[in-house]
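Below: one structure, written as structure tokens.
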Amino acid sequence: MNKRLLLLALLPLLANADTVVSPATLALHQRLLVLDSHLDTPLTLTRPGWNILERHDYRQDGSQVDLPRMREGGLDGGFFAVYTPQGPRTEEGRAYASAYGLATLTRIRDVIDRNPDSFALALTADDARRIAAEGKRVVFISMENADPLSSDPALLNTYYRQGLRMLGLVHFMNNDLADSATALPEWKGLSPKGRDLVQRANRLGILLDVSHASDAVFDQMLALSSAPIIASHSSSRAVNPHPRNLDDARVRQLAAKGGVIQVNAYSDYLIPLTPKPERNKAMAALGARFHNLAALSPEQIKDLYQERDTINQRFAQPKADLDVFMQHLLHLLEVAGPDHVGIGADWDGGGGVSGLEDVSQLPVVTQRLLDAGYNEQQVANIWSGNLLRVLQEAQARAQP
Ligand SMILES: [Zn+2]
């Protein structure tokens, strides 16, 4: 076989391992408004000396989002999450969560205030389009785990005035507001406090997020909410039966009420994992030792990542790849229809698969969507149109 033929024979292999993005696709991708509905980048911002204006390497520090990589991957922005780890449900725990939430909110606002040429706060769909047209990054603010509001739900008004536009009630563990998808039922859905918070969010026009919530919370929130709702970072339970993913029936119900599901790139949810209790134990111990991320020195952060890598190597789990991520995305597009699906990849919060490791690689998703037969308008809707529509609808139904 001559060299040319050999190359041709190898080409499909190369294309499979590493999706080749055509120049036309890259140009289209850069032209589109590309938003992600769940960025955990506020966690990265706690690292001393870490600068969002500088380019970092995922393989070196685990970070996945910064301004240079956003530009490279055509990511115009998204929802930056005020995420609070669920702590003890005591008076002291609630006070800690409240302070923690406000500190995270301040950190997000600081990014905007300190870098006004690069980042701007978006409160509406029109803001997002205008900010991106000015060549700046769009910063929406969301909340993941509403425990900071447990002690005083009226604090939601303060968050709203500071820019909060999306609200998820719960995380890995149950809280005072709702049951988690990854815990045993306690409230059988929403608690009375949780119901009150849903109504408060509706009145303010804050988009309600069901990611991390139990199926019962999903059902109750869908029935109770006067506006369409979102799953900001959830994948398909039909493709992989993990409780964090949504089943087809619920995906259809979500779409029928005008909502959207934003597919997640969190490997553990995308593929079946063999249970490894020893790994969980080691990770929990590591988490306990480094639980206060905000207080870690650069050396401690390096240690944290090194030890995490060691645990990952000792108890290696298979990692999902771009093909599996696309399986989830394409299945959800089939079930919900292209007007009800978007992307919330959980960047800086555990998201990322082989072949899609940080936001600089986002154009491969556009290429795969085009290859699967989706047209330019549909791809535009998947990258932001659907997300902005559902936000707009929540705001249109607000009753201030
Ligand atoms: Zn999450």
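The values are calculated or read from the model by the stated rules, or taken from the named source; none is laboratory data. What you see is a predicted model, and the numbers here were worked out from it, not measured in a lab. Cβ coordinates were reconstructed from backbone atoms using ideal geometry, including for glycine residues, and neighbour counts include every protein chain displayed. What goes into the accessible areas is simple: the full protein's heavy atoms, side chains included, and nothing from ligands, DNA or RNA. Shrake-Rupley method; radii C 1.70, N 1.55, O 1.52, S 1.80 Å.
Table for the structure above
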| item | result |
| --- | --- |
| Contour minus Cα-Cα distance for GLN60 and ARG203 (0.36 nm per residue) | 47.1 nm |
| Spin-label pair ASP323/SER297, simplified geometry with 7 Å Cα→Cβ offset, distance in nm | 4.6 nm |
| LEU330 accessible area, assembled protein chains, probe 1.4 Å, Å² | 60 Å² |
| In Å², nearest 10: area of GLU278 left accessible to a 1.4 Å probe | 120 Å² |
| For the chain, projected area of the alpha-carbon convex hull averaged over all directions, nm² | 20.0 nm² |
| Solvent-accessible surface (1.4 angstrom probe) belonging to VAL139, in square angstrom, nearest 10 | 0 Å² |
| Gyration tensor over alpha-carbon atoms, the range 176-217, equivalent ellipsoid semi-axes in Å | 19, 11, 6 |
| List TYR159, TYR96, TYR305, ordered by accessible area with a 1.4 Å probe, largest first | TYR96, TYR305, TYR159 |
| The chain, relative contact order in percent, only Cα pairs under 8 angstrom and at least six apart counted | 22 percent |
| Overall Cα dimensions of the range 274-317 - principal axes, largest extent first, Å | 33, 16, 10 |
| Calculated Rg and Dmax of the range 234-350 using C-alpha coordinates, Å | 17.1, 50 |
| Of all accessible heavy-atom area on the chain, the percent that carbon and sulfur account for (1.4 Å) | 54 percent |
| Full-stretch length increase - GLN377, ARG129 - with 0.36 nm per residue and alpha-carbon distance subtracted | 87.7 nm |
| Lysine-lysine proximity count for the chain, Cα under 28 Å, sequence distance 8 or more or distinct chains | 7 |
| Summed side-chain charge close to PRO85 - residues other than PRO85 whose Cβ falls under 11 Å, Lys, Arg +1, Asp, Glu -1 | -2 |
| Spacing of the two label points (7 Å from each Cα toward its C-beta) at GLN162 and ARG109, in nm | 0.5 nm |
